[in-house]
Amino acid sequence: MSEPVPAQPGYPLLLGLAGRRAVVVGGGPVALRRVRGLLDAHADVLVVAPDVIGDLRTLAESGTLRWEQRGFAPADLEGAWLVQTATGDPAVDAAVAAEAEARHLWCVRADDASASSAWTPAVARRDDVVVAVFGGRDPRRARALRDGVALGLDTGSLPLRRRRAPTDGVGSVALVGGGPGDPGLITTRGRRLLAEADVVVTDRLAPVALLDELDDDVLVIDVGKQPGNHPVPQRDIEKLLVTHALAGKRVVRLKGGDPFVFGRGPEEVAACAAASVPCEVVPGVTSAIAGPAAAGIPVTTRGVARSFTVSTGHELLDEGAVAGLAALLGSGGTLVMLMGVTYVGKAAEALVAAGADPGLGVAVVESAYSPAQRVTRTTLRDVGSVVLERGVRPPAVVVVGAVVGAG
C-alpha cells in the first residue's frame, strides 16, 4: 500500500491588511465569512458578484465595503494584495485563481484547497492575541483545536502574561469584580486579565484561591479591609495602582462582588484617569444577587416581587431613607442589605416603625458559596435577637421580603 501524499507545506504568516485592497469573488455565506474576517483586519474590501446575500448587501449599502454587481473580470485584481474566491462555480474560481497567479497574488479558493496558493485558518482572537490553526485540510479538526485553545485563553489556563514591557512604558489597570468568592463565579474576562497580570492588588472578599495559579514572580498586595479596620487607606490603594501601572506593569485590582456596587471602584477609576493610566472595569456577580441565590432565594419572582433595592445596613438608620424602603416592602418589593450584620437589629426596628410588616420574612446568608455558608431565616420582628443568638458574622447578606418564603 502506498503512503499518503503529505499536504503541501505552507509558511504561516499574519498579514497586515489595514487599508489594503482585498478582493472577494462571490456573494454567498462562505464569501460573507471571508468578508467579515477581512473587515476585522480593516482591509479595503471589494466584493464582485452578480448577486449577494442580505448581510453583504447591507454592508455594501452602509459603505463598509464596495460591491461590483457583475461577474468577475481580470481588472478586478488591479491594486489587490489578497484574493479570495467562493463563487460555488469551479470554473469561475479556477479563472480567478489563474489570474491571481499570473499577477503574483495570493489566492484562497473555497472550493478546492489543494488548488489554492493560500489557506484561511480557524482563528481565535482574544485582545491582541491571535491564534490560527490549520488542521491538515480538515476544517472540523481545525475548528475543534481552535476552540480548545480559545477555552484555555478564556479560563486563564494558558500562559498569557506579556514578557516584554509596553513600548510607551505605561501599563494598565483593570478593576475586576471577582464575584461572591467562589473562584468559579468570576467572569472569563476577569480570569483572563488575572492570568495576564504582573501585579494583583486584592481584597479580603475576592476569590483569593485563584492567586495560587499565578506565576511566582507576580506581585500580590493584600489591601483587604475588615469592619472597622482599614490597614491600607483608600488613597494609598489608588497610589499603588497608579505607581505600578506607570512602571509599565499590568495591574489587576481584584475585588469581591462588583467594583461599582458599594465599592471604591469609581474613585480608583478617577485616580487612573487623572494619571493618564488606561483603566478597564470588569463587572462581577454582586453578592446582592449571589447571596440570596446561594440560599435558593430569588430577589424577584413572578407574582411575589417585581423589584428589589440594594442598600447598605447603615443607610437604613437614616430617617429619610427608611421610610422609602418600608414603602418598598409594603408594595411587595425586596430589600437586600449589604454590610448590614452590625446594623440589622436597629435597621429592622426602624423599618417596622416606618410601617413595614413585622412578620415579613428575613434571611441572613453568611459566606455565600463557600464551605462556611450558613442561612438563618426569621422575621423582621425577631431578626435582631436571632442574629445575636446565632452569632452571625460578616460577610453576610440580609434579604427582606415575601421572596424569603418563595425560595
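For this structure, a couple of remarks:
- Selection count where residues are under 25 Å from G169 (Cα atoms), open to solvent by 10 Å² or more (accessible area, probe 1.4 Å) and part of a helix (DSSP H, G or I), scope the range 194-226: 1
Yes or no, residue by residue, for (1) aromatic (F, W, Y); (2) without any contact (Cβ under 8 Å) to a residue 40 or more places away in the chain; (3) closer than 30 Å to M339 by Cβ:
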| residue | (1), (2), (3) |
| --- | --- |
| V123 | no, no, no |
| L151 | no, yes, no |
| T155 | no, yes, no |
| L158 | no, yes, no |
| P166 | no, no, no |
| L175 | no, no, yes |
| P180 | no, no, yes |
| R189 | no, no, yes |
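- When the range 29-38 is filtered for residues that are among the small types (G, A, S) and either open to solvent by 10 Å² or more (accessible area, probe 1.4 Å) or under 27 Å from the mean Cα position of the chain (by Cα) (or both), only G37 remains.
- In the set (1) buried (at least 20 other Cβ atoms within 10 Å of the Cβ); (2) hydrophobic (A, V, I, L, M, F, W, C); (3) part of a strand (DSSP E or B), L56 fails one condition alone, (3).
- Checked against (1) in contact (Cβ under 8 Å) with a residue 24 or more places away in the chain; (2) open to solvent by less than 50 Å² (accessible area, probe 1.4 Å); (3) of a type outside the set (D, E, K, R); (4) over 19 Å from G248 (Cα atoms), A115 meets all criteria but (1).
- Restricting the range 14-28 to residues that are within 29 Å of the chain's Cα centre (by Cα) and exposed (fewer than 12 other Cβ atoms within 10 Å of the Cβ) leaves a set whose member that is modelled with the highest pLDDT is A18.
Table: residues versus (1) on the phi > 0 side of the Ramachandran plot; (2) of a type in the set (V, I, T).
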residue: V199; (1), (2): no, yes
residue: L211; (1), (2): no, no
residue: L219; (1), (2): no, no
residue: Q234; (1), (2): no, no
residue: L240; (1), (2): no, no
residue: K249; (1), (2): no, no
residue: G257; (1), (2): yes, no
residue: V269; (1), (2): no, yes
residue: A274; (1), (2): no, no
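- Any chance A41 is small (G, A, S) and either open to solvent by 50 Å² or more (accessible area, probe 1.4 Å) or at pLDDT 95 or above (or both): no
- Residue in the range 368-376 that is over 25 Å from P183 (Cβ atoms), among the aliphatic types (A, V, I, L, M) and either in contact (Cβ under 8 Å) with a residue 40 or more places away in the chain or open to solvent by less than 10 Å² (accessible area, probe 1.4 Å) (or both) present: no
- Among the residues of the range 320-341, the ones that are surrounded by fewer than 16 Cβ atoms within 10 Å (Cβ to Cβ) and among the hydroxyl-bearing types (S, T, Y) come to 1 in all.
- Residues that are within 19 Å of V30 (Cα to Cα), more than 34 Å from the chain's Cα centre (by Cα) and either of a type in the set (G, A, S) or open to solvent by 30 Å² or more (accessible area, probe 1.4 Å) (or both), drawn from the range 59-85: W67, E68, Q69, R70, G71, F72
- For the range 394-402, the criterion of being open to solvent by 60 Å² or more (accessible area, probe 1.4 Å) and either outside any helix (DSSP H, G or I) or closer than 22 Å to V285 by Cβ (or both) is met by at least one residue.
- Taken as a whole, the structure places A363 among residues that are surrounded by 17 or more Cβ atoms within 10 Å (Cβ to Cβ), at pLDDT 95 or above and closer than 20 Å to A327 by Cα.
- The single residue among V399, V341, V375, V386 that is farther than 14 Å from L316 by Cβ, within 34 Å of the chain's Cα centre (by Cα) and not charged (D, E, K, R) turns out to be V375.
- E280 meets all of the listed conditions (1) touching a strand residue (DSSP E or B) at 6+ places or on another chain (Cβ under 7 Å); (2) surrounded by 17 or more Cβ atoms within 10 Å (Cβ to Cβ) but one, namely (2).
- Members of the range 148-166 that are among the hydrophobic types (A, V, I, L, M, F, W, C), more than 13 Å from L194 (Cβ to Cβ) and either within 14 Å of the chain's Cα centre (by Cα) or open to solvent by 80 Å² or more (accessible area, probe 1.4 Å) (or both): A150, L151, A165
- Among residues of the range 141-163, those that are part of a helix (DSSP H, G or I) and not β-branched (V, I, T), counted: 13
The values are calculated or read from the model by the stated rules, or taken from the named source; none is laboratory data. Fair warning: this is a prediction, and the values are worked out from it, not measured in the lab. Cβ: placed from backbone, ideal geometry, glycine included. Neighbour counts: every protein chain shown. Note: accessible area is taken over every heavy atom of the protein model, side chains too, but ligands, DNA and RNA are not part of it. Shrake-Rupley method; radii C 1.70, N 1.55, O 1.52, S 1.80 Å.
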